[in-house]
Structure formats: C-alpha cells, structure tokens
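Here's the structure, in structure tokens; my notes come after.
The values are calculated or read from the model by the stated rules, or taken from the named source; none is laboratory data. Note that the coordinates shown come from a computational prediction; the quantities given were computed from them, not determined experimentally. Here the Cβ positions follow ideal geometry from the backbone for every residue, glycine too, while neighbour counts run over all protein chains shown.
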Amino acid sequence: MKKVNIGIIGLGTIGSGVYKILKERKAEIKKLYNVDINILKCCDISESTKRKLKIANSKFTKDFKKITRDKDIHTVIELIGGTSIAYKVLKDAILNGKNLITANKALLAERGKDINSLLNKSGKRIAYEASVGGGIPVIGVIEDSILINKIFSFQGIMNGTCNYILSSMSKKIEFKDALNAARRAGFAEANSTLDINGKDTAHKVVVLSKKCFGIDLKSKDIFTQGIDNITSNDLDCARNLGYKIKLLGIGRIFKNKIDARVHPALIRQDNPLANVDNEFNAILINSKNLGPFMSYGYGAGMLPTASAVISDIIRISRDGYKSDVHEGKKLAIFKIDDLERKFYLRIELEDKSGNLGKITNILGKHKISIDKIIQNNENNKTKSVPVIILTKKNRFKIVNKALSALKKLKFVANNPLLIPIEDFIWKK
Ligand code: HSE
C-alpha cells in the first residue's frame, strides 16, 4: 500500500471539493487503487472554510510554510491561484523536496520554465490535469493515451465562463446577468476580467502547447481577443448564417511555425465544438493515426475540478509516473497577420443611403471579396444599424487594414468586430 501524505494550500472552491471528496472516498480509493491518501494539513488565509468543513485546529494553518516544510508531507496541492504567492508556495515546496499538484494555469503559463528548472534539480514530480478543461481529462490523455500519435493541432472551448455567457446571450440573457450567474456558480476567476478578455484561455493554450508540441510559449506570444465586443445580435446573425460564435483556444504547427491564438470565431453548426454550450468545455486534439479526438465535460466548478486533482494525486504516486519537466523547444511564431481565413465583419453604420456603398468600395479597394452581406435592423435600439459582412478568404492583415480605413469614416461607430471563420480541423 502506497501512503501519500498531502497538504492542501488554498481552501477555495476547488480546495474544498478536494477535501470533501477525499473525506468521503478515502477508504474506497485505498481499496481500488492501493493508495492511502492522508490530508495532514490544510492552509488558507481565512478560517471560514475550516469551520464549514469542520477541520480540526491541529490540521489547519494560515502559514503555507507549515505545509511546504513539513517533513511528513510528500505532496503539496496548490490551489490558491494567481502568480505571486502561488509561485512562492511552489518554489518553497520544490526546494523542500515535495511533489506538486496544481490547477494554476496562470502560474504554469507565466512561470512554467522557472518551475521546470527547479523541478529538474529536485527530481520531483508535478501534475496539473485541473489546469486545462477543469475536470475533463486532457493532460492525462496526452500523457497516457495517445502516446505514439504526433499531435498536429488542438482547438478548444476552454473557458466555462465565456461559454456560459455566449450561450446565455443567445437566449437573450444580458452579458452582466450571465457573468453574475457564472460567478455565483463558482466557475468565473476571482478576477473575471481574465475570463472575458481571453487571458485565462491564453494561459491554457500555453500549457497545452507545451504538452502537445513540447514548445515553450509565453502568453504574450499568443494573439488574444476576448468576448467583450460580442453582441446578442452577432450570435443571432451567426446562427442565421449556419454558424455559432465560440471563444476558441487554438494551437497548431503550421508551416514549421507555432500558430497559437485565442479569439471568438464562427464555427459551422456541424462542428463538434458548436454543440458545446453553457459551462461545458471541450478540447479537440488532432493527431496522426487517431485523427480528431474530443474531450468534453465540465471545465470548471467545485467537484469536477476537484476530481481532476484527486486523479493527479493517485497518478503522481504511481511508480514510473513521469512529468514533463524537460526544457521546451522553441519554434518561430506564426503571426496572426498571415492567417488566411474567411472573416465575419460587423460594422455599425448610420442608416443613410450611400453609406453601405462607401463601405463596399473600401473593401473592394483592399481586394476583399464579399461572400454575404446582411443589414440587421432587428432588435436594434440605436440610430445606427449593424451590417454583417462575410468575406471570402483573405489575410487577416489585409482585412484588418481595411477595417482601420472603415473606422475613420464618420458614419461608422467605433466598435467593429472582426473574427475569423474557423473550420473543423480534420487530418489523419
Ligand atoms: N474561470 C475558468 C473558467 C475556470 O471559467 O473556465 C476553469 O479554469
């Protein structure tokens, strides 16, 4: 029987979930997996969860070093989030010879290299299934199940909050109300700006790029656009055209460069990602031999995310478990300017004859062909009218340049939207 003594640092949503499941299922885990998991200590700055979970005083501390420096603890579970104190926790834990489990995508994305070089010296292990896709198996699948398959690309809906907001807006629920519901349900970040502006997804793209391709990226290498400029009208128009709008995290090796980006995109309704709604996440991985494979489920929330942490505790304790603490490769970055796609362009114009002609004229001057054009007055409460243009394939750089010219026109409102139409990647 393997004995694993753990310390949990951070008793927020996920930490409480881990505590609860382990309390209830300890005997079962022992029987099923031959691992005896003992929670030796929990740490939090507040005592409220300690009281709620009835944690004994002797098993609670407000000082993380009482866990990271406790000789009897083998594995430290960091669940506080953020990048400053969390880094201190992880560093202290590594320097004191502990294995690590974390759900902290921001920390892995911002300080992954530093953590890896510390781990390389200590020879200890790290597991981080909960950092991408919450409870759904992604990291473990890449590590254990598609071993011989070279990964070409991943495309995913990796932020439950944004997906919940977009799904709610398509049911005419206001952005703010949907965000508040996501906060109450416990899947929004403490700072929900990170969800909305796409940064949370960008952190996950960094983590997955390392895992899928062995490439070290920084968040700043990733073109990142959030969902704050998407309106219910965009969702309606997209639906009428046979598409859904989803915030995608994308990574692929293209022309020997790494193309990594986060942005809302139009995807066809027959794309498997199009039916991933509400707080659900899904990650579609495309690899040699297997072709496309999709992991789908709850990407956030207490018990789903806690279940990924607990699987990590069991996995990391197994003989032969290997974490990827090697240095990552470098690859040139594919620039968004070079992305060739069809685009969805929404501009709001003063509703006056001749204005639309001036718009199409500017697009023509930039050699942008129009596939479809719709003027949508429905549900419109302002004086201006939204015009939706689907372009034919062109480079982002060109379409964006045309957009800058359009923005200069007096009758164009200053909130245009330009997003690519992404195809379902299917390659064997
Ligand atoms: N805030 C994140 C989300 C939590 O909404 O998906 C899981 O990483």
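The table below gives the values:
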read-out	value
Number of the condition not met by VAL325 [criteria: (1) under 30 Å from LEU22 (Cβ atoms); (2) at pLDDT 90 or above]	(2)
The one condition in (1) among the small types (Gly, Ala, Ser); (2) away from the ligand (no atom under 12 Å from the Cβ); (3) farther than 22 Å from LEU339 by Cβ that GLY242 fails to fulfil	(3)
From LYS322, LYS352, LYS367, residue being assigned to a loop (DSSP other than H, G, I, E, B), on the phi > 0 side of the Ramachandran plot and either outside the structural domain of LYS210 (by TED's automatic domain parsing) or under 24 Å from the mean Cα position of the chain (by Cα) (or both)	LYS367
Single residue of the stretch 120-136 satisfying the filter (closer than 12 Å to SER323 by Cα and touching a strand residue (DSSP E or B) at 6+ places or on another chain (Cβ under 6 Å)) that is surrounded by the most Cβ atoms within 10 Å (Cβ to Cβ)	ALA127
Considering residues of the stretch 179-194 that are part of a helix (DSSP H, G or I) and over 19 Å from GLN225 (Cβ atoms) only, the residue nearest to the ligand (Cβ to nearest atom)	ALA182
Any hit, the stretch 10-29, residues being touching a His at 6+ places or on another chain (Cβ under 7 Å) and surrounded by fewer than 22 Cβ atoms within 10 Å (Cβ to Cβ)	no
Criterion: surrounded by fewer than 18 Cβ atoms within 10 Å (Cβ to Cβ) and either among the small types (Gly, Ala, Ser) or away from the ligand (no atom under 16 Å from the Cβ) (or both) - qualifying residue of SER307, SER209, SER219, SER295	SER219
Only one of ALA103, ALA86 that is small (Gly, Ala, Ser), surrounded by fewer than 24 Cβ atoms within 10 Å (Cβ to Cβ) and within 16 Å of the ligand (Cβ to nearest atom)	ALA86
Selection within the stretch 255-279 - in a loop (DSSP other than H, G, I, E, B), touching a Gly at 6+ places or on another chain (Cβ under 7 Å) and not charged (D, E, K, R)	GLN269
Residues (modelled with pLDDT of 95 or more and acidic (Asp, Glu)) located in the stretch 111-158	GLU129
Residues (within 30 Å of VAL35 (Cα to Cα) and surrounded by 12 or more Cβ atoms within 10 Å (Cβ to Cβ)) located in the stretch 319-362	TYR321, SER323, ASP324, VAL325, HIS326
Criterion violated by ARG183 - all others in (1) surrounded by fewer than 17 Cβ atoms within 10 Å (Cβ to Cβ); (2) within 25 Å of ARG315 (Cα to Cα); (3) not β-branched (Val, Ile, Thr) satisfied	(2)
Test result for LEU235, closer than 30 Å to LEU147 by Cβ and outside any strand (DSSP E or B)	no
Hits in the stretch 148-175 - residues which are surrounded by fewer than 19 Cβ atoms within 10 Å (Cβ to Cβ) and within 16 Å of the ligand (Cβ to nearest atom)	PHE175
Residue, nearest to the ligand (Cβ to nearest atom), within the stretch 106-135, restricted to residues that are among the charged types (D, E, K, R) and in a helix (DSSP H, G or I)	GLU129
Filter pass, ASP228 being of a type outside the set (A, V, I, L, M), more than 23 Å from ILE310 (Cα to Cα) and away from the ligand (no atom under 16 Å from the Cβ)	no
Condition check for SER145: touching a residue at least 24 places away in the same chain (Cβ under 8 Å) and either within 13 Å of the ligand (Cβ to nearest atom) or under 23 Å from PRO272 (Cα atoms) (or both)	no
Pair list, Cβ under 7 Å, 6 or more apart: the stretch 148-161 residue among the aliphatic types (A, V, I, L, M), other residue assigned to a strand (DSSP E or B) and within 16 Å of the ligand (Cβ to nearest atom)	ILE157/LYS246; ILE157/LEU247; ILE157/LEU248; ILE157/ASN281; ILE157/ALA282; MET158/GLY249; MET158/ASN281; MET158/ILE283
